[in-house]
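The values are calculated or read from the model by the stated rules, or taken from the named source; none is laboratory data. Only a predicted model underlies this, so the values are computations on that prediction, with no experimental measurement involved. Don't worry about glycine lacking a Cβ; one is built from the backbone with ideal geometry, like all the others, and counts go over all protein chains shown. The area values use the complete protein model at the heavy-atom level, side chains included, leaving out ligands, DNA and RNA. Shrake-Rupley method; radii C 1.70, N 1.55, O 1.52, S 1.80 Å.
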Amino acid sequence: MKKAYLVLGDGTVFEGVRFGADGNTLGELVFTTGMCGYIETLTDPSYYGQIVMQTFPLIGNYGIIEDDFEGECCVKGYVVREWCDTPSNFRCQYDLDTFLKQRGIVGLYGIDTRSVTRLIREHGVMNAVICDEVPADLTPIQDYIIQDAVKSVTTKEKYIVPAKGEKKYAVTLLDYGAKRNIIRELAQRGCEVTVLPASASAEEILRGNPDGIMLSNGPGDPAENVYEIEQLRKLLGKKPIFGICLGHQLLGLADGGQTIKLKYGHRGVNQPVREIGGTRTYITSQNHGYAVVADSVKHGVQSYINANDGTCEGIDYPDYGAFSVQFHPEVCSGPKDTEYIFDRFIAMMGGTENA
């Protein structure tokens, strides 16, 4: 066992024990409250540039299962209270420590994650470093900024995923850091999915004549993506559009809206979302640090609201045949309450529903 430290930007120090890869690492420290789904968390590109801390006290008990990967591992570091070195699951291929070592991800366990979470909830998201020696100068920690996030995680080349069974629709997915299950949900509904890099132009997208356009999740500050926002402005009203997470934020910005950074974000599988104008409250999976200011969007109508803090969770654009949600209806690790939203997109492409 090798001792190491988690040092926060305000100088607070927590002592722990290393696992995973050796070395020091610097990133934005965030916490996620999921009781399961650590595989999906570690392989979600939306965590690019961040040190991820799990609030659930035991992580790794069912090992690593590569079929459950959502993408490439992009986290800067991983912090847990306790990790299980003897996982037990019939699908398990290897353990969490091996996963982190293979990908060069620095891990730390034995940390009082409850205390760290309380601190972040009071102060807000902070940068942090995992290191062998506590630094005297905190300036590099405080100055860290996540940059070029989407550019770093998007696909480098176009590729096509065939529909499961009969092809009913052609969907173009703009990959801002897409989780694989978005593609799976579309494919199993009869969609052939053409995945394009975030750098694709509106003209290139429309040349493919898709039945609908899907905007994926992704990392970083949405307002940083000036080029991508401009392309979405050109696409509004041309084809049915469905956005998730970062895609939701970019669509709001494309319609003249604003986004704000949340104090500590929404990350986990237990975020309550209330349907505006309806009677349902859904339990959703989320992973984001920014939110759309609903009343700043010019042509949008808010469709969902977070029952905890009142932030915007969805917007409909009836003038454009588009809609978006902040939460993840495609989530593999649950809950699956909102999978029906994909069916709404299918109905829009079929001409049987308007946004």
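Sort 113-124, 340-351 for me by packing, meaning the mean count of neighbouring Cβ atoms within 10 Å per residue, highest on top.
Details: 113-124: 14.9, 340-351: 17.2.
Ranking the peptides 113-124, 340-351 by packing returns 340-351, 113-124.
Could you order the peptides 21-34, 325-338 from most to least packed, using the average number of other C-beta atoms within 10 Å per residue?
Numbers: 21-34: 19.4, 325-338: 21.9.
Put in order of decreasing packing, that is 325-338, 21-34.
Over the range 257-355, with the other protein chains present, what is the accessible area per residue in square angstrom, probe 1.4 angstrom? Intermediate results must be reported in sequence, preceding the final value.
Working: 3990 Å² over 99 residues.
Heavy-atom accessible area per residue stands at 40 Å².
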Based on the alpha-carbon gyration tensor of the range 1-101 and its eigenvalue square roots a ≥ b ≥ c, which shape applies: rounded if a/c is under 1.5, prolate if not and a/b is larger than b/c, or oblate?
prolate
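Highest first, please rank the peptides 133-146, 242-255, 218-231, 200-213 by the mean number of other Cβ atoms sitting within 10 Å of their residues. It would help to have the intermediate numbers written out before the result.
Working: 133-146: 12.5, 242-255: 27.8, 218-231: 19.9, 200-213: 16.4.
Highest to lowest by the protection proxy: 242-255, 218-231, 200-213, 133-146.
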Set of lysines near K76 by C-alpha distance (under 29 Å), chain-local residues within fewer than 8 positions excluded
K2, K3, K101, K151, K156, K158, K179, K261, K263, K336
Among [x] 0.98; [y] 1.12; [z] 0.92, which one is Cα Rg over 2.2 N^0.38 Å computed from these coordinates?
[x]
Counting pairs of alpha carbon atoms under 8 Å apart in space and at least six apart in sequence, what relative contact order in percent does the range 20-75 give?
44 percent
Leaving ligands, DNA and RNA out of it, report the carbon-plus-sulfur percent of the accessible area of the range 168-291 at a 1.4 Å probe.
45 percent
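Under a Cβ-only charge scheme (Lys and Arg +1, Asp and Glu -1), can you give me the dipole magnitude of the chain about the Cα centre, in debye to the nearest 20? List each step's numbers first, then the result.
Working: 34 positive and 46 negative charges, 92 e Å.
Roughly 440 debye for the chain.
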Name the residue farthest towards the positive end of the dipole of the chain from the options F345, Y282, P329, assuming +1 on Cβ of Lys and Arg, -1 on Cβ of Asp and Glu, about the Cα centre.
F345
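Please give me, ordered by residue number, the trypsin sites (Lys or Arg not before Pro) of the range 37-96 that lie in loop per DSSP and have at most 14 other Cβ atoms within 10 Å.
Numbers: sites: K76, R81, R91; in loops: K76, R81, R91.
Passing sites in the range 37-96 are R91.
Per-residue ellipticity at 222 nm for the chain, helices alone: DSSP H runs ≥ 4 residues times -39500 (n - 2.57), over residue total, nearest 500 deg cm²/dmol?
Details: 10 runs with 75 residues, N = 355.
When only DSSP H runs of four or more count, the value is -5500 deg cm²/dmol.
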Using Cα pairs closer than 8 Å and at least 6 residues apart in sequence, work out the relative contact order for the chain, in percent.
15 percent
